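Working notes, structure below.
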């Protein structure tokens, strides 16, 4: 059986690392990406900035999965919110096809991480109920 604490720590750490990587990309390359994707520079830059404290919270949550469930649940729900907001960006701002692909791929990746976090919570509850 999978160790639920280790599973959650791994998923949260991967989530945090991907947040840091995407945040760095969006902050450092907001201008060129905006032109390439047909999205506003400020949106990309500010979304990138938002990812840094998110990653810090995820790393904190990863260290406390043995005692607390709520941080993992919060991360998973926030990831679903990010996914919904990403699809709203596509609907409201109508980026070019490359922009649609970029936003869709990252949104689906984030949704996948949320699914893994919810699965880890389910394993945690079953193991420690």
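The values are calculated or read from the model by the stated rules, or taken from the named source; none is laboratory data. Because the structure is a prediction, the values reported are computed rather than measured. Positions of Cβ are backbone-derived with ideal geometry, glycine not excepted, and every protein chain shown enters the neighbour counts.
Quick rundown of the values:
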quantity: Every residue from segment 75-86 that is surrounded by fewer than 15 Cβ atoms within 10 Å (Cβ to Cβ) and either closer than 13 Å to residue 37 by Cα or touching a helix residue (DSSP H, G or I) at 6+ places or on another chain (Cβ under 8 Å) (or both); calculated: 77
quantity: Options 47, 61, 34: the member that is out of contact with any strand residue (DSSP E or B) (no Cβ under 9 Å at 6 or more places or on another chain), crowded, with 16+ Cβ neighbours inside 10 Å and touching a residue at least 40 places away in the same chain (Cβ under 8 Å); calculated: 61
quantity: Test: residue in segment 31-38 that is within 15 Å of the chain's Cα centre (by Cα), farther than 22 Å from residue 125 by Cβ and either modelled with pLDDT under 95 or assigned to a helix (DSSP H, G or I) (or both); calculated: no
quantity: Set 43, 98, 51, 116: member being within 16 Å of residue 21 (Cα to Cα) and assigned to a helix (DSSP H, G or I); calculated: 51
quantity: From the options 14, 27, 89, residue that is in contact with a helix residue (DSSP H, G or I) (Cβ under 9 Å, 6 or more places away or on another chain) and touching a residue at least 60 places away in the same chain (Cβ under 8 Å); calculated: 14
